[in-house]
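> The structure's right below; bear with me while I get my questions together.
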Amino acid sequence: RGSGRRGREGTRRSTMAATVISAPGKVMVAGGYLVLEQPHAGYVLALDARFYTSIRRSPLEHSADGGSGCMPQLRIDVCSPQFGERRCYHFKGSPVEAEAQLIPVPLEGGILPPPNRYVDLTLLYTLRVLRALHGTTLQKGAGDEGSPAPQLISLVLAADNGFYSHAATLRERKLPCTADGLRALPPLLTPAADASGGVAKTGLGSSATLVTSLVGALLHSFGAVDLAASQVDAAEDRLGLHLLHALAQLCHCAAQGKVGSGFDVCTAVLGSNCYVRFSPSLLAPVLSLPDGTAPPAAMLLECLQPSGGDAWDHSAEPLQLPPGIDVMMADVSCGAHTPSMVKKVSAWRAAGGEFAAQLWSEYSKSSAALQKALSGLCDAYQLIKAEGCVAERWEAALAALGAREPASWRVDGGELGELLAA
């Protein structure tokens, strides 16, 4: 979570200092594809690679509508320096909900950038949620008294180098193709193109972290959630994080055009966790609307904060790797289109008959065993932590296990206990 103060004084204010909200990338250690179905769990780690959204609000002195009664409530400038992109929008404030729309605005020379669903829909949905929660001013505590002063919202999007392949850059600069080599590069480099001319991604969840950091920046700036808090203890803070998580899930699913498992968004909000997905039916009303339709406020709020029995039913238990256990990752210079991969796996299961069902069952059991073993290692470490000399005993036990074939380990952890006691 980023830092910054939350303003409560309404929209009539001087220029605010920029606030940066960031969200971490992810890697799934166990549970891939299984996590698409309840009650299977995914063991997901948050990474140090982060996506950043900087937000700055200032008075809008001159309107593109020339002072007419239809001036925009908000002018939103979105810049992505890494990609050399800029786009602009007007959000038309109106007491009539149906007239509160996000409108793309041509740039200099009349150029209208191509749509970016991850930005367009996230802005539209988040601004409409803020309007439903706080009134036409969008600001918590400001109310609907008087006409809100027009504002300029300046957003800057940027991602750490880890989200993109920089293997070619490392070779050009004669740096090793290692994590240390990547850290030696200047931050926030422009990604290189892959063989098809697209961006060479590393699969750490750039779209989920973009959406999460953008939703977080807007909710934080307008007071719907306080992301500057060092801990989330108060009920209000927990509700704020739930709103951020649910809204980011909705925006990401809408941009992708389908309901995924959501483990990437959940990790971007909450960090490393053992994740069980939410029911897809929660988002069905919004996603069933014609493409590009702005959902009514009541429908949005019902999806995010259900009033009936169909509450958000996901699970996200915090976790960490056992001390001394590392995850080694490789840059394969290409990302993956997750929806198409899911379709292929689903088609294989449907056509594979008994063989596919048996293999899937074995895979499920192996995934659960790995997660249990990692959790058991953490529990064992905590048990000996208070006894002193933890590092020496722990490292010796891990070294002893590391010298053996994993198939010979006992899943119940008894062997580790014997090694620690030696």
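The values are calculated or read from the model by the stated rules, or taken from the named source; none is laboratory data. Quick caveat: nothing in here was measured; it's all calculated off a predicted structure. Cβ atoms come from the backbone with ideal geometry, glycine included; neighbour counts cover every protein chain shown. Heads up: the accessible areas ignore ligands, DNA and RNA and are worked out on the full protein's heavy atoms, side chains in. Shrake-Rupley method; radii C 1.70, N 1.55, O 1.52, S 1.80 Å.
> Provide the FRET efficiency to the nearest 0.05 for the Ala336-Ser315 pair, computing r from the beta carbons and using R0 = 25 Å.
Between Ala336 and Ser315 the formula returns 0.50.
> Once the dipole of the stretch 102-226 is set up with Lys and Arg at +1 and Asp and Glu at -1 on Cβ about the Cα centre, which of Val156, Ala208, Gly197 lies farthest towards its positive end?
Positive-most Cα among the choices belongs to Gly197.
> For the stretch 313-330, what does the Karplus curve 6.51 cos²θ - 1.76 cosθ + 1.60, with θ = phi - 60°, yield as ³J(HN,Hα) per residue in whole Hz, taken in order and with x for Gly and Pro?
10, 6, 9, 9, 8, x, 8, 8, 5, x, x, x, 9, 10, 10, 9, 10, 10
> Now a separate question. Between the alpha-carbon centers of the stretch 225-304 and the stretch 181-215, tell me the distance in whole angstrom.
23 Å
> Nearest 20 debye, what's the magnitude of the dipole of the stretch 151-234 about its Cα centre given +1 on Lys and Arg Cβ and -1 on Asp and Glu Cβ?
380 debye
> Let me ask something else. Would you mind getting me the FRET efficiency between Leu107 and Ala193? Use the beta-carbon distance for r and R0 = 22 Å, nearest 0.05.
Result of the calculation: an efficiency of 0.40.
> May I ask you to compute the full-extension gain from Arg183 to Trp348, defined as 0.36 nm times their residue separation minus their alpha-carbon distance, rounded to one decimal in nm?
That works out to 55.4 nm of additional length.
> Compute the signed sum of charges (Lys and Arg +1, Asp and Glu -1) over the other residues within less than 15 Å, Cβ to Cβ, of Ala350.
So the environment of Ala350 carries a net charge of +1.
> Determine, for each peptide in 208-215, 164-171, 106-113, the mean count of other beta carbons within 10 angstrom over its residues, then list the peptides with the highest first.
So the peptides 208-215, 164-171, 106-113, ranked by packing, come out 208-215, 164-171, 106-113.
> While we're here: Can you send over the solvent-accessible area of Val78, 1.4 Å probe, protein chains only, in Å² to the nearest 10?
10 Å²
> Per residue, what accessible area does the stretch 111-270 have, given a 1.4 Å probe and all protein chains present, in Å²?
38 Å²
> Please compute the modelled spin-label separation between Ser361 and Ala391, points set 7 Å along Cα→Cβ, answer in nm with one decimal.
With each label point 7 Å from Cα toward Cβ, the separation is 4.8 nm.
> Could you size up the charge dipole of the stretch 195-277 around its Cα centre, putting +1 on the beta carbon of Lys and Arg and -1 on that of Asp and Glu, and report it in debye to the nearest 20?
Taking the Cα centre of the stretch 195-277 as origin, the dipole is about 400 debye.
> Multiply the residue separation of Gln305 and Lys258 by 0.36 nm, subtract the distance between their alpha-carbon atoms, and state the gained length in nm to one decimal.
Difference between extended and current length: 14.9 nm.
> Determine, for each peptide in 361-372, 40-51, the mean count of other beta carbons within 10 angstrom over its residues, then list the peptides with the highest first.
Highest-to-lowest ranking by the protection proxy: 40-51, 361-372.
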